[in-house]
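The block underneath contains the structure these notes are about, expressed in structure tokens.
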Amino acid sequence: MQTLTGVNVPPAQTWNYLRINDITLTVPAANKSLDSATFSSRDTSLSALEMGAGTQASAWIDQISNAHTTIVVPAGTTQDVSILVCDASPYLTHDIVVEDKATVTITIVETRSAHSDVTHTTTATSADEPNAAAQGLRIVAHPHAHVILNSFTCGNERTYLDNIGIELQDSATLDAKQFVLSGFTTASGMAINLVGANARAELYVRYLVRNRQTLDMNYVARMRGRNTRCNIAISGVLEDGSSKTLRDTIDLIHGAKGAAGYENETVLLAGQNVVNKSLPVILCDEDDVAGDHGATIGTILPEQLEYLNARGLSEAEAIALISHAVCDDAYAHANTPEARAAVLAATERIYGSEDAQELEQR
């Protein structure tokens, strides 16, 4: 096995005693060196991309990857890309170059089962090897390109590492939606580099973290170009015994005049013994910019619970109703058969077959 340290480190760290600066993961050892032939053709801009989970995690994914794919979306065209992290392909890396005025829709679905009998030659085979999965995605969007990114984490794994780096050039746009429905330990990192003037990034994240599960997230937006925009909206539910850490940083870099960045998180604490850590940060080295950040953390109010009780719902049923909305939202945005099947499977695992069937029939 291998230990990854310094995963999901934010650009501006805080006091170490808060234990919010990173996460350490135990993963299968990468028993092979990087295949130089595989990555020798990688575009220089792709190689230099900042990745959300950090350099050590990025190197490990490149080493252990059992499938590396390079995709070029030609100028002016539209293309769909599906990334399925499953028992047959648990470790994947993709490089995607989106040329001028092209549009790409990328759908990432993680749906590994809790226990897999599949043996992979790139991993250790010891009996105590953690059942893990990971995907690394590098994207370069050329001027006026449009990237649509939909991600669904729906597996039942011990460890899942989602690592993404994106560069947006002049007037390129990113519309990203991420849904995390399960997974014993999930680490998700995304770094967005808005290098071009008038680049735009929209990030929407919903999560449901339940008993003894851990979710660790790190989102970084480097705003370098003039008049760039970035909006980060994150919301989720923490149930009994769960733990969640979020680091979201907007970095207004010198030269990014007219740039504006906004980040907001809403957390519902819907259980006992939950651990919530939120670190929203605005960094600024330029005038004539705008930045706003914050986090709203709360519980179900007594009067809300009383209202639901009066309509025949117990406290547990009221919490389930609210948390179920995350699954509903994920299914509403599931844009491929694989994504819909994964969301339904996660809903059935969490709430039972009747709830999954009801969701499918809507």
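A short reminder: the numbers here are calculations on the coordinates, not readings from a lab. If you're wondering where the values come from, they're calculated on a predicted model, not measured in any experiment. Cβ atoms come from the backbone with ideal geometry, glycine included; neighbour counts cover every protein chain shown.
Here are a few things to note about the model shown:
- The local environment of Thr105, defined by Cβ-Cβ distances under 10 Å, has a net charge of -2 under the rule Lys, Arg +1 and Asp, Glu -1.
- Considering only Ser242, Ser45, Ser323, the Gaussian network model of the chain with Cα springs below 10 Å gives its largest mean-square fluctuation to Ser45.
- The calculated FRET efficiency for the pair Trp15 and Leu321, based on their C-beta separation and a Förster distance of 30 Å, comes to about 0.20.
- Alpha-carbon centroids, the stretch 229-254 and the stretch 152-219: separation in whole Å: 10 Å
- Exposure proxy order (Cβ contacts within 10 Å, fewest to most) of Tyr17, Tyr204: Tyr17, Tyr204
- The number of Lys pairs in the stretch 2-300 with C-alpha atoms less than 25 Å apart, excluding pairs fewer than 8 positions apart on the same chain, is 5.
- Using a Förster distance of 41 Å, the FRET efficiency for Thr296-Glu360 (Cβ separation, nearest 0.05): 0.80
- The value of relative contact order for the stretch 2-300, using C-alpha pairs under 8 Å at least six residues apart, is 13 percent.
- When DSSP beta bridges are restricted to pairs lying wholly in the stretch 2-300, around 5% turn out antiparallel.
- Taking packing as the residue-averaged number of other Cβ atoms within 10 angstrom, the listed peptides 51-63, 310-322 run from highest to lowest as 51-63, 310-322.
- Near Ile96, the amide H atoms lying under 5 Å from its own belong to Ile71, Arg138, Ile139, Val140; only residues 5 or more places off or on other chains count, and H is placed 1.01 Å from N.
- Helix-only mean residue ellipticity at 222 nm for the chain, each DSSP H run of n ≥ 4 adding -39500 (n - 2.57), per residue, nearest 500: -5500 deg cm²/dmol
- Rg/Rh for the chain, where both radii come from Cα atoms and Rh is the Kirkwood radius: 0.96
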